[in-house]
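As structure tokens, the structure follows; a few thoughts come after it.
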């Protein structure tokens, strides 16, 4: 069994003990400074259909924002794979509802016959749909007060033009 492949906490502890018996020490014990900072992580998704902004917030206690981002991205990868699998399962269910078991088998065979390209496309589309539009990492007190929204196409340039007219009172400025 490979290292870390057990779901058993006891087996995992035994693996750690065996590693330490080989002379490996825990990296946290080797750090000169064991400082940790609470980082806020805010992800923003926009729904193209109704211009709704969906904000998800979480936090991570890490030594720096790069580690916090890595922890977030690991979690995001798990969510993305789950989304991809859900897309694939939904495709199977829809095919089953429409045609029946024999057609499902034919479709699945077709998906894997082309070196899995069809199945991979379905899976990856589900994964890419989970990509956030914006990821912000930083002070949770500041991130909590960020206000965001979606501006319809064309409106942004009008708003900027109106703002500039208010700010610039003379042609010279």
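No lab work stands behind these numbers, since they all come straight from the coordinates. From a predicted model like this one, the values you see are computed outputs, not experimental measurements. Positions of Cβ are generated from backbone atoms using ideal geometry, with glycine treated the same way; all protein chains shown enter the neighbour counts.
Label positions at residue 77 and residue 36, each projected 7 Å from the Cα along the C-beta direction, are separated by 2.2 nm.
Using per-residue counts of other Cβ atoms within 10 Å, averaged over each peptide, order 9-19, 57-67 from highest down.
Details: 9-19: 11.8, 57-67: 14.5.
Those peptides, ordered most packed to least, come out 57-67, 9-19.
Rank-order 82-88, 92-98 by packing density, defined as the average count of other C-beta atoms within 10 Å over each peptide's residues, highest first. Each step should come with its number before you reach the end.
Numbers: 82-88: 16.0, 92-98: 12.0.
Descending mean neighbour count gives 82-88, 92-98.
Expressed in nm to one decimal, what extension gain is obtained for the pair residue 22 and residue 6 from 0.36 nm per residue of sequence separation less their Cα-Cα distance?
Values: separation 16, 0.36 × 16 = 5.76 nm, distance 1.98 nm.
Length difference between fully extended and current span is 3.8 nm.
Between the beta carbons of residue 61 and residue 14, assuming R0 = 25 Å, the FRET efficiency works out to 0.35 to the nearest 0.05. FRET efficiency for the pair residue 141 and residue 45, taken as 1/(1 + (r/R0)^6) with r the Cβ-Cβ distance and R0 = 30 Å, rounds to 0.85.
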